[in-house]
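To keep things clear, I will list the structure first and then write my remarks on it.
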Amino acid sequence: MRLILASQRHRQPKGFKNPLSDVLRQAMPLTKRVQAAVAYVSRPDHPLFDACLKDKKPLELWARHDATLATSPEVMARFLKEANPNFVCYLIGSHYHPKVIWWHGYGVYIGSANLTPSAWGGNIEAGFVLREDELDADDLRAE
């Protein structure tokens, strides 16, 4: 298990250096597909989306959609524009608040970070990554 924590120690001139960007870089070469359940998704050019499309890795995103526009219209437009069966967004109603990203072939992140610029570069976020061998050792894959 790896603790993911952005703090004042990671302060950079343009916000925080978020360790999630490092996890993304490490995970993508080993990943077969990505599943993400994240409440707030604000930017259509999020690094996770770009990496999945660039590396031709299927992405399934479950995101919140309600009057607050937790998932921005621009994000929804990108998924519609791609019109790709390997790049899919499912919209879930109010009270949906997970932050889980599973890079199949690498591991799963569970924490506080949404798919927003502030969560990946400005906020102080915390979570952990369980590698798939750890999921299997504790028989957690099915969960």
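Taking all protein chains into account, the per residue accessible area for the stretch 1-136 stands at 51 Å² (1.4 Å probe). Tell me, what is the percent relative contact order of the chain, built from C-alpha pairs under 8 Å that lie six or more residues apart? Worked out over the chain, it gives 33 percent.
Carbon-plus-sulfur accessible fraction, the chain (probe radius 1.4 Å, protein heavy atoms only): 57%.
Helix-only arithmetic for the chain: the sum of -39500 (n - 2.57) across DSSP H runs with n ≥ 4, divided by the residue total, places the mean residue ellipticity at 222 nm at -6500 deg cm²/dmol. What base-10 log of the normalised intensity I(q)/I(0) is obtained for the chain from the Debye formula, alpha carbons as equal point scatterers, at q = 0.12, 0.18, 0.21 Å⁻¹? The Cα Debye sum returns log10 ratios of -0.47, -1.08, -1.40.
Of all DSSP beta bridges confined to the chain, the antiparallel ones make up roughly 60%.
Of the residues H95, H104, the one with the largest accessible area comes first in the ranking H95, H104, computed with a 1.4 Å probe on protein heavy atoms. Taken along the Cα-to-beta-carbon direction at a fixed 7 Å, the label points for K54 and L5 span 3.0 nm. Can you bin the stretch 49-121 into rounded, prolate or oblate? Criterion: square roots of the alpha carbon gyration tensor eigenvalues sorted a ≥ b ≥ c, rounded for a/c under 1.5, prolate for a/b above b/c, oblate for the rest. Verdict is oblate for the stretch 49-121. Annotation for the stretch 92-143: trypsin sites (Lys or Arg not before Pro) lying in DSSP loop with at most 15 further Cβ atoms inside 10 Å of their Cβ are R141.
For the pair E82 and D139 in one chain, pulling the backbone fully straight at 0.36 nm per residue adds 16.9 nm over the alpha carbon distance. Placing +1 on each Lys and Arg Cβ and -1 on each Asp and Glu Cβ, with no other charges, gives the chain a dipole about its Cα centre of roughly 580 debye. Taking +1 at the Cβ of each Lys and Arg and -1 at the Cβ of each Asp and Glu, which of M76, W102, I92 sits farthest along the dipole of the chain towards its positive end, judged by Cα position relative to the Cα centre? In the chain, that residue is M76. Taken over the stretch 21-123, lysine pairs spaced eight or more positions apart, or on distinct chains, with alpha carbons under 21 Å apart number 8.
The values are calculated or read from the model by the stated rules, or taken from the named source; none is laboratory data. These numbers were taken from a predicted model, which means no experiment stands behind them. Heads up, the Cβs are rebuilt from the backbone with ideal geometry, glycines too, and the neighbour counts pull from every protein chain shown. To get the accessible areas, we keep the full protein, side chains included, count just its heavy atoms, and leave off ligands, DNA and RNA. Shrake-Rupley method; radii C 1.70, N 1.55, O 1.52, S 1.80 Å.
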